[in-house]
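Remarks on the structure that follows.
The values are calculated or read from the model by the stated rules, or taken from the named source; none is laboratory data. Please read these numbers as outputs of a predicted model, since none were measured by experiment. With ideal geometry, Cβ positions are generated from the backbone for all residues, glycine too; neighbour counts draw on all protein chains shown.
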Amino acid sequence: MKPIVLALPKGRILDEAAKIFARAGYDLSPVFGDSRRLVHDCGPLRVLVLRSSDVPTYVAHGAADVGVAGSDVLDEDGKELYEPLDLGIGKCRMIVAERADARVDEGAQAHIRIATKYPRTTRVHLVRRGITAEVIRLSGAIELGPLTGLCDRIVDITQTGETLRQNGLVEVDTVAQVSSRLVVNPARLKLDGDRLGTLIDALERAVHEQ
């Protein structure tokens, strides 16, 4: 029988997800045997190890049946995927931050610039807050933006806030609570509902055991 194709992100989430899959009865240990390989056969599952930002694309286009992706990635990507389960891993916050020594006055400043890896999510948040701002897309080292005068604020992911503090930044707002979700291709769910349903149910039980 053709294996279920599972897309997993590289890094810490891969380790955490593997523990949940193990409790659900799916052994993903072959994934950790050869770090150079990107496709791993794990019994009834064939695992693709990808960049986290690519997981929704593989699932949406049917190259993977199911995947694990952060809610930050899913919200920014905006693809139509079924999200049956919050795995409760990879928890962090998406926040707004600014320089501690150059605070922003939203009422007085005519032009506010915000740098982020998440322009779509940031614009939605700004509309919700009734704030007008220019959004600048960056790919890395977001904290450098306010320090160099590129922007007034940033929107980024944080767990402890330590990196912000080390760079003289302070949180001023929370955009969203972030965690990793199980995502499923809707068409594959219709075609292979029994097997995918069994996987989803087993993972749900495993999550509740945490």
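Selection of the range 27-40 for residues being small (G, A, S) and in a helix (DSSP H, G or I) yields only S29. Screening M1 against (1) more than 22 Å from D201 (Cα to Cα); (2) in contact with a Lys or Arg (Cβ under 9 Å, 6 or more places away or on another chain); (3) in a loop (DSSP other than H, G, I, E, B) leaves a single unmet condition, (1).
A single entry from V127, V104, V96 fulfils the requirement of being touching an Asp or Glu at 6+ places or on another chain (Cβ under 6 Å) and more than 29 Å from I13 (Cβ to Cβ): V104. Filtering the range 84-91 for residues that are within 29 Å of L147 (Cα to Cα) and within 14 Å of the chain's Cα centre (by Cα) leaves a non-empty set. Taking first residues from the range 170-187 that are under 16 Å from Y118 (Cα atoms) and modelled with pLDDT of 95 or more and partners that are of a type in the set (V, I, T) and in a strand (DSSP E or B), the Cβ contacts under 8 Å between residues at least 6 apart in sequence or on separate chains come to D173/I95; D173/V96; T174/I95; T174/V96; V175/I95; V175/V96; V175/V155; V178/I157. Residues of the range 147-156 that are more than 13 Å from I95 (Cβ to Cβ) and in contact with an Asp or Glu (Cβ under 8 Å, 6 or more places away or on another chain): D152 alone.
Do you know which residues across the range 59-73 are touching a Leu at 6+ places or on another chain (Cβ under 9 Å) and surrounded by fewer than 20 Cβ atoms within 10 Å (Cβ to Cβ)?
Matches in the range 59-73: A60, A63.
If you go through the range 17-26 one residue at a time, do you hit one that is within 14 Å of the chain's Cα centre (by Cα), assigned to a helix (DSSP H, G or I) and surrounded by 13 or more Cβ atoms within 10 Å (Cβ to Cβ)? Yes.
Counting only strands (runs of 3 or more DSSP E) wholly contained in the range 105-208, the ones carrying 2 or more residues that are over 18 Å from the mean Cα position of the chain (by Cα) and outside the structural domain of A69 (by TED's automatic domain parsing) occupy 113-116, 134-137, 169-178.
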